[in-house]
Amino acid sequence: MLEVLTTGFYQRALLAAVMIGFANGFFSGFVVLRRTALSVSALSHTMLPGIALAIFITGALTQANAFLGALFAALIVGLGSVAVSRGNRIAQGTALAVLYTTAFAAGVAILPHLDTRQELEHWLFGDIVAVGNADLWIVFSISAVTLTTTNLLMRPILLTLFEPNVAAAQGVPTRTMQYLLFGLLILSLVASLQAVGCVLSVGLLVAPAATVSLLTDRTSALFWGGGILGALGSVAALLISAHFNLSPGPVIVMVLGGFFLLAYLFGPKYGLLSRHLRG
Amino acid sequence: MKDHDHHACCAHHASHHELAIEGLTVKYRSLMALDSVSFSTSCGNRVALIGPNGAGKSTLLKAIAGLVPQRAGTIRWRGAPVRKWFSEFAYLPQREDVDWSFPITLRGLVEMGRYPQTGWCGRFRAEDAAAVDRALDALDLTHLQDRQIRELSGGQQQRGFIARALAQEAHVLLLDEPFTGLDRNAARRLGDLLGRLSGEGRLILASHHDLANVPDLFDEVLLVNQRMIGFGPTATTLTPEAIERTFHQSNEPSAPVRPPANA
């Protein structure tokens, strides 16, 4: 097992796991605070038809056009749902459900006409061991943008999430903040494609902060704790998958899900067990 | 905007710290919520907004705080449009408008009051932490600062939001039904606190529904039911006849409306 770690592709995979795990774990704090885990799930599924569409249009499956296709579809569906729900008549969840199933249906319709169907499985569940240097740069850039932006704008974002009215009165452009969060969310999803694929990417973007929220009441701990947990979990999962010869993407999500379950059961304050013991 | 440390002299120079509202009109779509309300008051006062449900009390507070757009009229504070002074105004939402499950501690909530001072990206300095400490201490909340906000009693939650206003060094406190849901002890405590805050020279405007204790709690009353029915010192303004006119209007061109829940 240890000699496998010295190979170049494995070192790249470990680096990718740390970066994706930390950036997405950090961002999962916002997903948990916005209570939009289900929309994230919808968006992540939207990326698949986006990729299919990109292949359909360009005729080839490359990193660049897959990323662009995923980004395009997620942006259309994600920002479209925000725009549609602004009229107050339709809730954003409703708009999102209609738009993402429509997009998914379009992807499914296109799929049989593509001759690269095999490789699409890789986008469904990810293949972190196959990351190349170009992928690493994409992941690094997205992580850097997400972490820098959210840290610089942490206060207005938090105030927008907690009290949108008060934030607006204090001069925060709350609508811009909401769009910004949505845009960054999509970037994070695209970054995690390589590691866990679009179906499982929700795990990385929800589980870490959800776990931390069971352990602390400090808002900042949600982000940094989520980041650390995401990175630790991803690296541990990679080592486990190498040892037992399992596919790394699913193991990452299983490990993070395992953390959540442990916190849910044994958390000192909000855990099932301690609440039960306190009566 | 840096001269926040003159609360004590407000009371002596009331004319410099005047809230003047002229012809304030607010509509939600086509529904009239407030129709040409005009009054002025100055810091050091406690003003009760009195009127039936849906009369526009919350709307008035939100309009002053800049939370709802006004259709017409002006709101001026210290002689300049109120927007210029947003950091001197603190709005305390109604209980049901707060997301109590938000993972934030009481201290984290009070720290939010420093955001206008620190700016959006500025460092949280020692003096900001000191202001938070003072605010928590002034409201006797220091021992509760690490509690999640849902784990506080109603009175403690109310004081937590007031502590945030103190940390912000706000001159004007806009409180939406602050006494709702408080037990007798907590209500008396909040009443004493409001007296202390106005004594320091702050201006307090609060919507209120319990007519019986208005004379004990407030210096001035504003009777409102879409239009302003009356304004002045509590003793001379809150007469049975004025209350009757406020709560039992007849022949109104349009019924009073409730603001939409998200406004």
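The values are calculated or read from the model by the stated rules, or taken from the named source; none is laboratory data. Quick caveat: nothing in here was measured; it's all calculated off a predicted structure. Don't worry about glycine lacking a Cβ; one is built from the backbone with ideal geometry, like all the others, and counts go over all protein chains shown. With ligands, DNA and RNA removed, areas are computed over all heavy atoms of the protein, side chains included. Shrake-Rupley method; radii C 1.70, N 1.55, O 1.52, S 1.80 Å.
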The listed residue being closer than 21 Å to A:Arg218 by Cα and hydrophobic (A, V, I, L, M, F, W, C), out of B:Ala130, B:Ala90: B:Ala130
Residue count for segment B:45-69, restricted to those that are crowded, with 17+ Cβ neighbours inside 10 Å and within 13 Å of chain A (Cβ to nearest Cβ): 10
Close pairs from segment B:114-125: first within 12 Å of A:Leu153 (Cβ to Cβ) and within 8 Å of another protein chain (Cβ to nearest Cβ), partner among the aliphatic types (A, V, I, L, M) and open to solvent by 40 Å² or more (accessible area, probe 1.4 Å), Cβ under 7 Å, at least 6 apart: B:Trp120/A:Leu153; B:Cys121/A:Leu152
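Would you check if B:Pro103 is under 14 Å from the mean Cα position of the chain (by Cα), closer than 30 Å to A:Asp217 by Cα, at the interface with chain A (Cβ under 9 Å from one of its Cβ atoms) and open to solvent by less than 40 Å² (accessible area, probe 1.4 Å)? Spell out the reasoning first.
Values: under 14 Å from the mean Cα position of the chain (by Cα): no; closer than 30 Å to A:Asp217 by Cα: yes; at the interface with chain A (Cβ under 9 Å from one of its Cβ atoms): yes; open to solvent by less than 40 Å² (accessible area, probe 1.4 Å): yes.
Answer is no for this residue.
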Residue count for segment A:168-179, restricted to those that are open to solvent by less than 30 Å² (accessible area, probe 1.4 Å), more than 7 Å from every other protein chain (Cβ to nearest Cβ) and either touching a residue at least 60 places away in the same chain (Cβ under 8 Å) or among the polar types (S, T, N, Q) (or both): 0
Among (1) within 14 Å of chain B (Cβ to nearest Cβ); (2) open to solvent by 10 Å² or more (accessible area, probe 1.4 Å); (3) closer than 30 Å to A:Gly225 by Cβ - the single one A:Gly29 does not satisfy: (2)
Test: residue in segment B:73-96 that is touching a helix residue (DSSP H, G or I) at 6+ places or on another chain (Cβ under 9 Å), farther than 22 Å from B:Arg159 by Cβ and aromatic (Phe, Trp, Tyr): yes
Check on B:Val98, within 20 Å of the chain's Cα centre (by Cα), open to solvent by less than 30 Å² (accessible area, probe 1.4 Å) and at the interface with another protein chain (Cβ under 9 Å from one of its Cβ atoms): yes
Segment A:243-264 - residue that is of a type in the set (A, V, I, L, M) and open to solvent by 60 Å² or more (accessible area, probe 1.4 Å) and, of those, farthest from A:Val196 (Cα to Cα): A:Leu262
A:Gly59, sole failed condition from (1) out of contact with any helix residue (DSSP H, G or I) (no Cβ under 9 Å at 6 or more places or on another chain); (2) within 28 Å of A:Ile157 (Cβ to Cβ): (2)
Restricting segment A:133-167 to residues that are assigned to a helix (DSSP H, G or I) and either facing chain B (nearest Cβ under 7 Å) or in contact with a His (Cβ under 9 Å, 6 or more places away or on another chain) (or both), the residue that is nearest to A:Leu71 (Cα to Cα): A:Leu152
Single match in A:Tyr264, A:Tyr270 (criterion: outside any helix (DSSP H, G or I) and of a type outside the set (A, V, I, L, M)): A:Tyr270
Segment A:193-213, residues that are within 14 Å of another protein chain (Cβ to nearest Cβ) and open to solvent by 30 Å² or more (accessible area, probe 1.4 Å): A:Ser213
Within segment B:26-129, helices (runs of 4 or more DSSP H) holding 2 or more residues that are farther than 30 Å from B:Thr237 by Cα and modelled with pLDDT under 90: B:115-118
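One line per residue, one yes/no per condition, for (1) surrounded by 24 or more Cβ atoms within 10 Å (Cβ to Cβ); (2) farther than 20 Å from B:Asp137 by Cβ:
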position: B:Asp176; (1), (2): no, yes
position: B:Leu194; (1), (2): no, no
position: B:Gly201; (1), (2): no, no
position: B:Leu205; (1), (2): yes, yes
position: B:Leu211; (1), (2): no, yes
position: B:Arg245; (1), (2): no, yes
Conditions (1) at pLDDT 90 or above; (2) open to solvent by 30 Å² or more (accessible area, probe 1.4 Å); number of the one not met by B:Arg184: (1)
Filtered residue count, segment A:31-64, keeping only those that are of a type in the set (D, E, K, R) and either in contact (Cβ under 8 Å) with a residue 12 or more places away in the chain or more than 17 Å from A:Leu185 (Cβ to Cβ) (or both): 1
Verdict on B:Lys84 being open to solvent by 20 Å² or more (accessible area, probe 1.4 Å), more than 23 Å from A:Asp217 (Cα to Cα) and of a type in the set (D, E, K, R): yes
